[in-house]
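The values are calculated or read from the model by the stated rules, or taken from the named source; none is laboratory data. From a predicted model like this one, the values you see are computed outputs, not experimental measurements. Here the Cβ positions follow ideal geometry from the backbone for every residue, glycine too, while neighbour counts run over all protein chains shown. Each accessible area value is taken on the protein alone, full model and side chains, heavy atoms only, with ligands, DNA and RNA left out. Shrake-Rupley method; radii C 1.70, N 1.55, O 1.52, S 1.80 Å.
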Amino acid sequence: MKLAKSIEEIRADFPILSMKVHGLPLIYLDNGATTQKPEQVIQLMDQLYRSANANVHRGVHFLSDIVSDRYESARETVRAFINARRKEEIIFTAGATASINAVAFSFGEKYVREGDEIIVSEMEHHANIVPWQMLCGRKKAVLKVIPFTDEGLLDLEAYRSLITERTRIVAVTHASNVLGTINPVKEIVAEAHRNGIPVLVDGAQSIQHGVVDVTDIDCDFFVFSGHKVYGPNGIGVLYGREKLLNELPPYQGGGDMVATVSFRQTTYNDLPFKFEAGTTNFTGAIGLAAALDYLTALGREAVEEREQALLASATAGLSSVSGIRIYGTAPRKVSVVSFLPGDIHQYDAGMILDKMGIAVRTGTHCAQPVMERFDISGTIRASIAFYNTEEEIDALIDGVRKVTEMFG
Ligand code: PLP
């Protein structure tokens, strides 16, 4: 599978990649935290504010019509990108965290009672733990946790044994932001559905790496953030199965989410607007659609193939450095490598790498239970995008080798 552009052309699309830090070329390997934006997105955002700005769904005038059309066409772009059945199943939110909180609140209000159970996994980002803990606190429900193995694989037998007649929802990540593991979400969903339980899949770390098909996964909710998939910040998506979304109460009230309002009674709008109270981030949604179009034009399978090749080089190269431990060695991973160089503290290593122009993430990556599982205080994480190069991966490996030599 070939990318539609050469690597030089791709890198030219992302202006920040030609920047220098500390006088050295930037090597950006923190794509799991946020991705860089192509000109196609940056220019569009600029153009929207210059020549297509008006409030969405609010007027009959020329500009409002243009924005409303583009916003709804962005919804269709997202629908097609994740292969949802209907455009009404796509809700724009502020990001993955906002989407999970929306489901935890709305679904929790309707379906969770005292003594009920919610299942998450031990490898979740805090965004897919804390909203459920808060719900459990409000409702006196119980949070149950699927453990993972030393390799970083979810223990599916343990998962099956956690399901009871009190389980109300399962919430799992598609791909771990620390271990890189791609979880068998289809299997997880099928098992939950056999027991009549809906599943939320956190796609914050999967959407940018390959083809995601919510109809094939058969999940009930799927969430992701725009900024992690080459789009703007402050925009995200909540996909929900139409039947479930129709049953759930809105979690925020305000303009646009209502059909009629009086002091006697208020009625709610249809999907998706019922869940989009107030002025949404319409420019963000249109920018997100441009980012998704960019990936589609590049070839999503080719993106995945390239990232897998870079991941293989990074894993092999880092493993060859003496004293390195890699966390997350599952056979199916997204392009994320977490590691520790001997006893060197991750912050020290991260700061030295930064002086070499290499941007990696250090710390707990908002996944403290993963650190607890391995009894460590954090890791260094290199997260790779299709615009990274083999030379950059070599520089990372060299840099890490130098760090270990410096510390003896
Ligand atoms: N879920 C996972 C797996 C993540 O990696 C992240 C962010 O790193 C989130 C959720 C939260 O995303 P955001 O902060 O964009 O809402």
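The table that follows gives values for the structure above.
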{"quantity": "Hits among lysines - C-alpha to C-alpha of K2 under 20 Å, sequence gap 8 or more where chains match", "calculated": "none"}
{"quantity": "Percent carbon-and-sulfur accessible area, the chain, ignoring ligands, DNA and RNA, probe 1.4 Å", "calculated": "53 percent"}
{"quantity": "Net length gained if the chain between T260 and I376 were fully extended (0.36 nm per residue, minus Cα distance)", "calculated": "36.3 nm"}
{"quantity": "Whichever aspartates and glutamates have a C-alpha closer than 15 Å to that of K20, once near sequence neighbours (fewer than 8 apart) are set aside", "calculated": "D354, E392"}
{"quantity": "Integer Hz, Karplus 6.51/-1.76/1.60 couplings in order for segment 296-305, x for Gly and Pro", "calculated": "4, 5, 5, x, 5, 5, 5, 4, 4, 4"}
{"quantity": "Contact order normalised by residue count of the chain, Cα under 8 Å, 6+ apart, percent", "calculated": "23 percent"}
{"quantity": "Distance from segment 309-346 to segment 180-206 (C-alpha centre basis), Å", "calculated": "26 Å"}
{"quantity": "21 Å Cα-Cα threshold exceeded, pairs from K87/K333; K110/K274; K355/K402; K5/K355; K140/K186; K5/K87", "calculated": "K87/K333; K5/K355; K140/K186; K5/K87"}
{"quantity": "Overall Cα dimensions of segment 233-360, principal axis frame, Å, largest first", "calculated": "71, 34, 28"}
{"quantity": "Segment 43-296 - accessible surface per residue (Å², probe 1.4 Å)", "calculated": "39 Å²"}
{"quantity": "Unit charges at the beta carbon, dipole of the chain: most positive-side option, G350, V403, Q265", "calculated": "Q265"}
{"quantity": "Descending Cα extents along the principal axes, segment 54-108, whole Å", "calculated": "40, 23, 15"}
{"quantity": "Range of Cα positions in segment 43-296 per principal axis (Å), largest first", "calculated": "58, 48, 27"}
{"quantity": "DSSP loop GluC sites (Glu not before Pro) with at most 10 other Cβ within 10 Å excluded, longest remaining stretch of the chain", "calculated": "166-408"}
{"quantity": "Debye equation applied to the C-alpha atoms of segment 130-181, log10 I(q)/I(0) at 0.12, 0.13, 0.26 Å⁻¹", "calculated": "-0.33, -0.38, -1.12"}
